[in-house]
1. Give me the aspartates and glutamates in straight-line cross-link reach of Lys516: C-alpha distance below 13 Å, same-chain residues under 8 apart excluded.
2. Have a look at Pro130, Val190, Val280 and report the one farthest towards the positive end of the charge dipole of the chain, computed about the Cα centre with Cβ charges (Lys/Arg +1, Asp/Glu -1).
3. Treating only the Cβ of Lys, Arg, Asp and Glu as charged (+1, +1, -1, -1), what charge dipole size does the chain show about its Cα centre? Round to the nearest 20 debye.
4. Report, to the nearest whole %, how much of the accessible area of the range 434-492 belongs to carbon and sulfur atoms, 1.4 Å probe, protein only.
5. Rounded, prolate or oblate: pick one for the range 288-435, where a ≥ b ≥ c are the square roots of the eigenvalues of its C-alpha gyration tensor, a/c under 1.5 means rounded, and failing that, prolate if a/b is larger than b/c, else oblate.
6. Using R₀ = 51 Å, calculate the FRET efficiency as 1/(1 + (r/R₀)^6) where r is the Cβ-Cβ separation of Gln25 and Tyr52; round to 0.05.
7. Which peptide among 428-441, 400-413 comes first, and what is the full order, when sorted by highest mean count of other Cβ atoms within 10 Å?
8. To the nearest 10 square angstrom, what accessible area does Arg354 show with a 1.4 Å probe?
Amino acid sequence: MTHVRVIALFIVLFLAIPIVAQMPQEKVDLDAIYKIKDEGLNHSQVMDTLSYLTDVYGARLTGSPQIRAAGDWVKKKLTESELVHVQTEPWGPFGRGWTNEKITARAISPSVSFPVIAYPKAWTPGTNGPVEADLVTAVVTNDQDFDKFRGQLHGKYAMIAAVPEVQAQFQAPGRRLSDDELQNMSNQPVQPPRGGGPGQRGAPGGGRGNAPNFNERRLKFFLDEGVIATIEPGQGSGGTVFVQSGGGRNLTDAPVPPQVVMSVEHYGRLWRMLERKVPVRLEMDIQNKFFDDDLNSFNIVGEIAGMDKADELVMLGAHFDSWHSGTGATDNAAGSAVMIEAMRILKATGLKMRRTVRLALWTGEEEGILGSRAYVTQHFADRTDMKLKPDHSKFSAYFNLDNGTGTIRGVYLQGNEAVAPIFQAWMQPFKNLGMTTLTIRSTGGTDHLSFDAVGLPGFQFIQDPIEYNSRTHHSNMDVYERIQAADLMKDAVIIASFAYHAANRDEKLPRKPLPKPQGGPAR
């Protein structure tokens, strides 16, 4: 071997060694994890917390008396767990509060009377007492249909959608993620470019232009015609009814008629009776109440103070609000209870943390991730102009939980490649709990997006879906009985460990490049 080749080989070997040396092993405190697992798996309080949030306080629609009462209970519990700086931070305006205080509904035909399952849409008025009236069909799908039904609906209940076909449930509504699904999630997605170019989706001002939204005009038509209430078939079957909102929160929003969503099985029965010229009368008593004494909402926060890096911050969070037909168990009392439990575990174990760990429970998530956006704008940066506040530089990470009752299987990295080896090390002790997967992919629809939007590391966990999208998400079946206790216990342990290790790293978690300002007013 020549002298030159020996030198070349030496250089290659020399350069190869530092590449490995530059990637030090992420520290994992197994003694701390032992204590966290012991406290979280053998002395858990997560289901007790969840029962209070769901059974005692019930649905927690933002702005309602129920969410305010539940918030007061949580503040008391956090204080009992010896968290500091426990408080509610107001944000807003959000708009009027609303609650359904009563709904009874029964069908009356010439030969039989029977109760029906039905729920009002949020932010809609009620009937001002029990009202018995004829039931008619009035499916309005275009402007020509207005004339078809004009003058025929006053003082009647109106079924405003055709009855859908109900399929048999050949597949179980609940499931866990398979190994193949997790492997697929871990792969980098690549979206091939599409043909065409900008400006080819239609000329500006084309189509319906600035015409009022058709559904708004349809609701105004029903209101002007004097219907007692509109009735729609619910999505889902087997008594599951998915219900959200039908009216505006602002005092200046246009009035709407009472609106009801009915179980598809009962809706179909009434529809078929009318098809056969069998007259049907309904009796409903819908008592809905609006609250406009305080148009603001709030977030709940509490801390475990750090030590030598106490001015730096790790955050845990989940949205506290829900829709109103169930008790908001999987969406998202589960996430709130897990985060409360994670903070309790960290205090109960007595583990010392260098950075401050702050819990935040958000309201207004269901209406557009409003509470966390307001908080981030106030404390860290306004995404519309990206002018950074001092605390932006002191922030390490935000961990969010909002995908139901399922156990944690991994983390969405939101495109943050640099955190992958860190999380991989932190996950290792939890492979025996099923946590195996990191995906570079982003996921949306919940509060970590508020942090990601201003360049802060914000992460949502991958969870087994269980019955989330098929049965519980925004439905009357979102109740305590759908919760998997063992899953929530494991979730609290994993999140407590992630918070502990993020709080004790020498450096804050790495960040992606700052995003550009998004323009427009902050929400």
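The values are calculated or read from the model by the stated rules, or taken from the named source; none is laboratory data. None of the values given here were measured: they were computed from a predicted structure. Every residue, glycine as well, gets a Cβ built from its backbone with ideal geometry; the counts of neighbours run over all protein chains shown. These accessible areas exclude ligands, DNA and RNA; they are computed on the full protein's heavy atoms, side chains included. Shrake-Rupley method; radii C 1.70, N 1.55, O 1.52, S 1.80 Å.
1. Those aspartates and glutamates meeting the cut-off are Asp382, Asp385, Asp452.
2. The residue sitting most towards the positive pole is Val190.
3. 940 debye
4. Carbon and sulfur together cover 48 percent of it.
5. Here the range 288-435 falls in the oblate category.
6. Here the calculated transfer efficiency is 0.75.
7. Going by the mean number of other Cβ atoms within 10 Å, highest first, we get 400-413, 428-441.
8. About 60 Å², ignoring ligands and nucleic acids.
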